[in-house]
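Have a look at the structure below, then the notes.
All of the numbers you see were taken from the coordinates with simple rules; none came from a lab. Since this is a predicted model, take the numbers as computed values, not measurements. Here Cβ is always computed from backbone atoms with ideal geometry, including for glycine, and neighbour counts include all displayed protein chains.
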Amino acid sequence: MGKTVGYARVSSREQNLDRQLAALQKYVPPDMIVTDKASGKNLNRPGYQSLKAGIGKLVQGDTLIVKSLDRLSRNKEDAKKELQYFSGIGVRVKILDLPTTMADIPEGQDWVLDMVNNILIEVLSSIAENERLTIRSRQAEGLAAMPVDKKSGKKISRKTGRCVGRPPVQFPENWEEYYRKWKKKEITAVSAMDHLGLKPNSFYKLVHRYEDGR
C-alpha cells in the first residue's frame, strides 16, 4: 500500500499554516505533511518540489492530500498540469474542499479514480479558458475606451498620457529627399527603403502618415 502525504502552503512567512495543518492531520500524521511559505504563482517551492524528486518523491500508489486546489497553484493552467502529472504517474490527489475527490474507491476500480481526475482536469480547463477570455475582453474594452492620438493613430493611456504599444516609427532625416525621388519614379520603393533603412511595413506606414499630414 502506498504512502499518504499532506501538503500545505501559505503565500508569505507572516501567514500561518494552522488551519490547513489541523484539517490535514485528520487524515495524515504530522510528520507526513510537507509545507511551504511561498507564492502559489509558480511551482518552484522547496517543499512542493520534494514531492516530485528525492527521498520524499511520490510514486505510483501514493496519495497526496491538500486543503484546496489553489494550494498546489493559484494558476489554473499550472494546477491542471500538476493534476495531469500526478494522474500520469499513478498518484491520487485528494482535495478536502472537494468531497468527490475524497470518496473511497474499491480495489480494482481504478477507472473511477481516472474519471474523477479527468472531471477535475476538464473543470480546470474550462475555468482557465473562461479567465483568459474575460481578461482579453476587459483588455479590449479598455483599449476601445482610450482616446486616440491624431498624429500617430495610437491609443493614449488615460493613466500615463502616453501612447500604448510600440513607439511609432520616426521619419529618417533624409525622408523627404527619397520620398520625392520615389514619387517622381526616379527610384523604386525598394531602393528608397534601402537608402532610408526601413522595412516595407514601416516605409508604407510613414508614407500614409506623411501624406495624411500634408
Handout entry: Assigned charges on the beta-carbon of Lys, Arg, Asp, Glu; segment 33-103 dipole about Cα centre (debye)
Key = 120
Completion exercise
Restricting to lysines and to Cα separations under 30 Å from K183, and discarding same-chain partners fewer than 8 apart, the set is K150, K151, K154, K199, K205
Practice task
Determine the percent antiparallel among the DSSP beta bridges restricted to the chain, to the nearest 5.
Solution key: 15
Practice task
At a Cα cut-off below 24 Å, give the lysines reachable from K94, other chains included and same-chain residues fewer than 8 away excluded.
Solution key: K3, K26, K37, K41, K52, K57, K67, K76, K80, K81
Exercise for the section: For an R0 of 35 angstrom, estimate the FRET efficiency from the Cβ-Cβ distance between R209 and Y85 and round to the nearest 0.05. Expected result: 0.10
Handout entry: Cα→Cβ-extended label distance, 7 Å offset, between I156 and F171, nm
Key = 2.0
Exercise for the section: Quick one: order S50, S12, S39 by neighbouring beta-carbon count within 10 Å, fewest to most. Expected result: S12, S39, S50
Exercise for the section: Please compute the net charge surrounding V190, taking Lys and Arg as +1 and Asp and Glu as -1 over other residues with Cβ under 14 Å from its Cβ. Expected result: +1
Practice task
Report the FRET efficiency, 1/(1 + (r/R0)^6), for A103 and T134, where r is their Cβ-Cβ distance and R0 is 45 Å, rounded to 0.05.
Solution key: 0.90
Exercise for the section: Between E176, E82, E141, find the one with the highest GNM mean-square fluctuation for the chain; connect C-alpha pairs within less than 10 Å. Expected result: E176
Problem - Net +/- balance of residues flanking V91 in space, Cβ distance below 12 Å, scoring K and R +1, D and E -1 - result: +3
Completion exercise
TM-like helix rule applied to the chain (DSSP H, alpha carbon span at least 30 Å on the long axis, mean Kyte-Doolittle at least -1.0) gives 110-145
Exercise for the section: Compute the FRET efficiency between E122 and S12 as 1/(1 + (r/R0)^6), taking r as their Cβ-Cβ distance and R0 = 30 Å, and round to the nearest 0.05. Expected result: 0.40
Completion exercise
With a ≥ b ≥ c from the Cα gyration tensor eigenvalues, square-rooted, and the rule rounded for a/c under 1.5, otherwise prolate when a/b > b/c and oblate otherwise, the chain is prolate
Handout entry: For the chain, size of Cβ-based charge dipole, Lys and Arg +1, Asp and Glu -1, in debye
Key = 1320
Exercise for the section: Can you tell me how much longer the chain between K3 and H195 gets when fully stretched, taken as 0.36 nm per residue apart minus their C-alpha distance, in nm with one decimal? Expected result: 62.0 nm
Problem - Cα gyration tensor, segment 11-64 - rounded (a/c under 1.5), prolate or oblate - result: oblate
Practice task
Quickly estimate the mean residue ellipticity at 222 nm for the chain, helices only: each DSSP H run with n ≥ 4 gives -39500 (n - 2.57), and the total goes over all residues, rounded to 500.
Solution key: -13500 deg cm²/dmol
